[in-house]
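First the structure, in the form of structure tokens, and then the observations on it.
Just so you know, all these numbers are worked out from the coordinates, no wet-lab data involved. Nothing here was measured: the structure is a model prediction, and the numbers come from that model. Ideal geometry is used to build each Cβ from the backbone, glycine not excepted, and the neighbour counts take in all protein chains shown.
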Amino acid sequence: MAREIETLVSRSANARRQFARLRDVAAGSEGVNASLEMRTDWVVLNQALGEPQRTLAWFDTVKNSPEHALMLDRMAFMLVPLLVAQDRWAEIGNIHLNPMQRLRQAYLVVTSMKERQRSADLIELSYANFRGHASVLWRGLAAAGREADADAVKVEALHLDGSARMRAALSP
């Protein structure tokens with residue numbers, strides 16, 4: 001749906017104003033105290049409106065806040081691409097509360113493709129996505145100084161996918 005909103009706001013100034021209004025409502029009255037659901041809607045609308053800098057500005061205000069840690073962890077799938085684009089690796093490593101759980105969740109897609117006996121191309125694509133996820137997670141944890149977590153992620157990623165491609169993805 002975000003892509004449809006993005007297309008619509010690029011074609012209509014009125015639609016852009018309406019979605020910007022919805023985005024501002026989703027931010028909550030104080031801007032940083034919105035619920036997870038409202039904040040997620042807000043981030044999606046920022047993306048659709050072509051304003052990811054708003055998301056990063058908000059992130060910068062709450063990234064060190066213990067009361068936002070769980071929210072940031074749950075929103076990692078939306079925040080990580082923005083942080084990667086800005087080369088903010090340590091912050092990627094810091095938002096993951098349970099990196100091993102994240103890694104295993106990412107691997108579930110591979111498992112699902114195999115169990116459903118999908119085509120070899122789809123299975124390889126799911127492995128490629130998993131390798132990318134593992135690489136970003138590992139690199140972020142290392143940049144954040146979370147060496148034990150980075151090492152554990154690397155060991156588990158190589159256990160789940162011992163391919164040369166995974167070894168390359170986890171190389172400095």
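The convex hull drawn around the Cα atoms of region 99-169, when projected onto a plane and averaged over every direction, covers 4.2 nm². To the nearest ten degrees, helix 76-85 and the longest principal axis of the Cα atoms of the chain are 90 degrees apart.
Average 1/r across all pairs of distinct alpha carbons in the chain, invert it, and you get the Kirkwood radius: 17.5 Å. Can you work out the FRET efficiency for the pair A20 and M78, with r the C-beta to C-beta distance and R0 = 25 Å, to the nearest 0.05? The pair A20/M78 has a calculated efficiency of 0.85. Length gained on full extension, D121 to V109: 3.0 nm, using 0.36 nm per residue less the C-alpha separation.
In loop segments of region 74-172 as defined by DSSP, the trypsin sites (Lys or Arg not before Pro) with at most 16 further C-beta atoms inside 10 Å of their C-beta are R116, R118. Were the residues from T61 through S35 laid out at 0.36 nm apart, the gain over their Cα-Cα distance would be 7.8 nm.
Mean-square fluctuations from a GNM of the chain, with a 10 angstrom spring cutoff on Cα atoms, peak among H96, H159, H68 at H159.
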